[in-house]
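S.K.: The following block contains the structure, expressed as structure tokens.
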Amino acid sequence: ENGKIAPNAVRNAVEYRSDVHYTKPRALSLTQTTELGTVYTADEIRELGETAHSLGLHVHMDGARFANAVASLNAAPKELTWKAEVDILSFGGTKNGLAIGEAIVFFNHDLAHEFDYRRKQAGQLASKMRYISAPWVGILEHGAWLTHAMRANQCAAILESELKQIGLEILFPREANALFVQMPESLSEGLHDRGWHFYTLLGEGDARLMCSWATTQEDISAFVKDVRELL
């Protein structure tokens with residue numbers, strides 16, 4: 001529901017079968033924020049983590065937009081990760097203003113055993129890694145990672161308010177920087193013709209609108225103006 005995995009679904013998947021003809025689950029991967037733009041709360045993550053660990057699974061968090069979740073919940077990062085039973089976090093940088101690079105954070109240090117070798121075997125060891133690491137130092141030391149995320153979330157909230165006033169239906173709760181909108185085909189095509197780029201992910205009539213760290217109020221005003229004109 002709303003893009004979130006439920007604890008009973010995890011248990012059902014693991015306990016459904018245990019023979020050699022069925023996949024043997026070893027990890028639960030949670031996407032934060034979710035693919036529908038919603039956000040797992042600390043309590044929801046903890047319940048899922050406890051369920052996963054009771055079933056012998058490790059817990060990985062795909063945090064490509066982790067900063068947006070932290071900003072949305074106004075929570076300390078630890079409350080959404082290791083204190084909520086998360087073993088590994090993929091901390092997203094490219095969706096938060098960095099040109100390249102994600103940070104892998106191991107809270108369960110046993111799982112980091114020989115990860116340096118696995119990283120190289122997977123072709124992920126850059127010859128000048130310091131050039132990928134340096135921007136991380138900047139955005140973490142000065143809080144830009146969170147400022148960027150807050151900006152994206154705030155822009156999405158403004159966009160949601162404007163589109164609701166026009167009368168467009170919002171398909172899922174807007175909890176971070178993603179907005180799913182029910183959109184007539186003529187409107188979607190008209191916006192694409194005017195240079196706006198967005199995806200249809202769930203079938204006909206939906207549009208996924210993303211606000212980034214670089215979105216401006218002027219961007220939103222221009223988009224809303226075009227929507228009004230096309231309608």
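S.K.: Kindly evaluate residue 128 against the criterion of being closer than 30 Å to residue 227 by Cβ, among the basic types (Lys, Arg) and out of contact with any Gly (no Cβ under 8 Å at 6 or more places or on another chain).
M.R.: The answer is no for residue 128.
S.K.: Check residue 187 against each of (1) without any contact (Cβ under 8 Å) to a residue 60 or more places away in the chain; (2) open to solvent by 20 Å² or more (accessible area, probe 1.4 Å); (3) not in a loop (DSSP other than H, G, I, E, B); (4) not aromatic (Phe, Trp, Tyr) and name the one condition it does not meet.
M.R.: Failed condition: (2).
S.K.: Working carefully through the options 156, 144, 149, 176, find the one that is closer than 22 Å to residue 72 by Cβ, among the aliphatic types (A, V, I, L, M), touching a residue at least 24 places away in the same chain (Cβ under 8 Å) and in contact with a strand residue (DSSP E or B) (Cβ under 9 Å, 6 or more places away or on another chain).
M.R.: One residue alone meets the criteria, 156.
S.K.: Continuing with the same structure: Of all residues being in contact (Cβ under 8 Å) with a residue 24 or more places away in the chain and charged (D, E, K, R) in the stretch 190-215, which is least open to solvent (accessible area, probe 1.4 Å)? Just the residue, please.
M.R.: Per the stated criteria, the residue is 206.
S.K.: Moving to a separate point now. Any residue in the stretch 104-127 that is under 21 Å from residue 81 (Cβ atoms) sitting within a Cβ distance under 7 Å of a residue that is open to solvent by 100 Å² or more (accessible area, probe 1.4 Å)? List the pairs, counting only those 6 or more apart or interchain.
M.R.: Within 7 Å, the pairs are 107/82.
S.K.: Shifting gears a bit: Within the stretch 110-134, which residues are open to solvent by less than 100 Å² (accessible area, probe 1.4 Å) and not in a loop (DSSP other than H, G, I, E, B)?
M.R.: Scanning the stretch 110-134 gives 111, 112, 115, 116, 119, 132, 133, 134.
S.K.: Continuing with this model, one more query. Which of the helices (runs of 4 or more DSSP H) contained wholly in the stretch 1-106 include at least 1 residues that are among the polar types (S, T, N, Q) and open to solvent by less than 70 Å² (accessible area, probe 1.4 Å)?
M.R.: Answer list for the stretch 1-106: 42-54, 66-73.
S.K.: Six or more apart or on different chains, Cβ under 9 Å: which pairs go from a residue in the stretch 216-231 that's closer than 12 Å to residue 187 by Cα to one that's open to solvent by less than 60 Å² (accessible area, probe 1.4 Å) and of a type in the set (Asp, Glu)? Could you list them?
M.R.: Matching pairs, first to second residue: 223/162; 224/162; 227/162.
S.K.: Starting from the stretch 53-70, take each residue that is β-branched (Val, Ile, Thr) and list its partners that are surrounded by 17 or more Cβ atoms within 10 Å (Cβ to Cβ) and assigned to a strand (DSSP E or B), counting only C-beta distances under 6 angstrom and pairs at least six apart or across chains.
M.R.: Cβ pairs passing all conditions: 59/28.
The values are calculated or read from the model by the stated rules, or taken from the named source; none is laboratory data. Keep in mind the model is a prediction, meaning the values are calculated, not measured. For neighbour counting, all protein chains shown are included, and Cβ atoms are generated from backbone atoms with ideal geometry for every residue, glycine included. Surface accessibility is based on the protein's heavy atoms, side chains included, excluding ligands, DNA and RNA. Shrake-Rupley method; radii C 1.70, N 1.55, O 1.52, S 1.80 Å.
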